[in-house]
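Here the structure comes first, spelled out in structure tokens, and everything after it is commentary.
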Amino acid sequence: MNRRTHRNHSSSKTQARIARVKDKLQKLRDRVRRSAVMFWERRQARLTWWQQAFRTPMASGRWVFSQSRTLWSAFLTLLGLAPSGRARLLARSSDIRGNKARKAASRNHLILEGLEQRQLLAGDLYVDNPVDYIVTTNNAGGAGADPTDEVRWVGFNGIDDGGLGDDVVGLIYGTDAFGSIQDAISAAAPTNTVNVAPGTYVESLSIPTELTLLGPNSGIAGNGVRGAEASIVAPAAALTAAMIDVTADNVTINGFYLDGNGAVGNVVRVVQFSSVDNGVVQDSRITGGERGIQYNGAA
């Protein structure tokens, strides 16, 4: 019978300990492997969801997300706020490719620019006495409002509200802001609205275009309680058929004080209409002429 020695006993304990360590290591490797597989499966599922949700294939045919390391970088790449994986790779190799690679990477970023404050209405033109405009950018260089200057129109209330209230900012004098009503009419396109601030405008008007001429007292009857007027006054020397000659359909004149100044036969003459209803003078006071309004040759 063999007798177990101390050496054999120690050797068997060591082997058992080694076996237990190996078993633990194998279990740890298995857990790491399962975790890695689970991680990549979840990652692939997320990438697949993003691809199907946004469907933005690159020119090469590969999804932009397949070149991003994380979902966050993929989302930023989609918005143009971060370079794609390919661009980053090019940037890392800039020692070989030079500045061209860095420029290619930076082109994927958005360039953010501030927006100017705007209160413009599409198709609207504005009229005020030149001295009443607020010049915000003096492009022409001279004093007061000059062509190409950026100006602020102070609104129908005639009060500078600092760009708030009914003020209209960002206008270019000579383009959509004018010092005379006739200049605005001449620049208007069909269906435009010409907004006229309070003040006195000594001029005769010819309206050959379908448009709306809107004064500060629109919506208030001629005999009602009115605010500051936009007064159109005939020049003393204007011995013409009318102070305002309308030769287009669908013209509306609303909210004015119309003064023929005794120098013309008609304050407003409307011609070339298919019916009286096509031309409208509303919420206006008319004075100073032999006839207030003449439609198609009839007073």
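The values are calculated or read from the model by the stated rules, or taken from the named source; none is laboratory data. Nothing here was measured: the structure is a model prediction, and the numbers come from that model. Positions of Cβ are backbone-derived with ideal geometry, glycine not excepted, and every protein chain shown enters the neighbour counts. The accessibility values were calculated without ligands, DNA or RNA, using every heavy atom of the protein model including side chains. Shrake-Rupley method; radii C 1.70, N 1.55, O 1.52, S 1.80 Å.
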All positions within the stretch 193-202 that are more than 13 Å from Gly255 (Cβ to Cβ) and surrounded by 19 or more Cβ atoms within 10 Å (Cβ to Cβ): Tyr201
Ile244 being touching a helix residue (DSSP H, G or I) at 6+ places or on another chain (Cβ under 8 Å), in contact (Cβ under 8 Å) with a residue 40 or more places away in the chain and at negative phi: no
All positions within the stretch 183-215 that are touching a residue at least 40 places away in the same chain (Cβ under 8 Å) and among the aliphatic types (A, V, I, L, M): Ala184, Ala187, Ala188, Ala189, Val194, Val196, Ala197, Leu205, Ile207, Leu211, Leu213, Leu214
Pair list, Cβ under 9 Å, 6 or more apart: the stretch 151-173 residue free of Cβ contacts under 8 Å to residues at least 40 places away in the same chain and within 19 Å of Arg226 (Cα to Cα), other residue outside any loop (DSSP other than H, G, I, E, B) and of a type outside the set (Lys, Arg): Asp166/Trp153
Hits in the stretch 144-162 - residues which are touching a Pro at 6+ places or on another chain (Cβ under 8 Å) and over 14 Å from Gly215 (Cα atoms): Gly144, Ala145
Residue check, Asp245 open to solvent by 20 Å² or more (accessible area, probe 1.4 Å) and under 23 Å from Asp146 (Cα atoms): no
Test: Asn250 is of a type outside the set (D, E, K, R), open to solvent by less than 30 Å² (accessible area, probe 1.4 Å) and touching a residue at least 12 places away in the same chain (Cβ under 8 Å): no
Subset tally (residues that are of a type outside the set (Gly, Ala, Ser) and part of a loop (DSSP other than H, G, I, E, B)) for the stretch 145-157: 7
Given (1) of a type in the set (A, V, I, L, M, F, W, C); (2) under 30 Å from Thr287 (Cβ atoms); (3) buried (at least 16 other Cβ atoms within 10 Å of the Cβ); (4) more than 22 Å from the chain's Cα centre (by Cα), index of the condition Ile134 fails: (2)
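Here is a check on your reading of the model: is Gly215 surrounded by fewer than 16 Cβ atoms within 10 Å (Cβ to Cβ) and under 33 Å from the mean Cα position of the chain (by Cα)?
no
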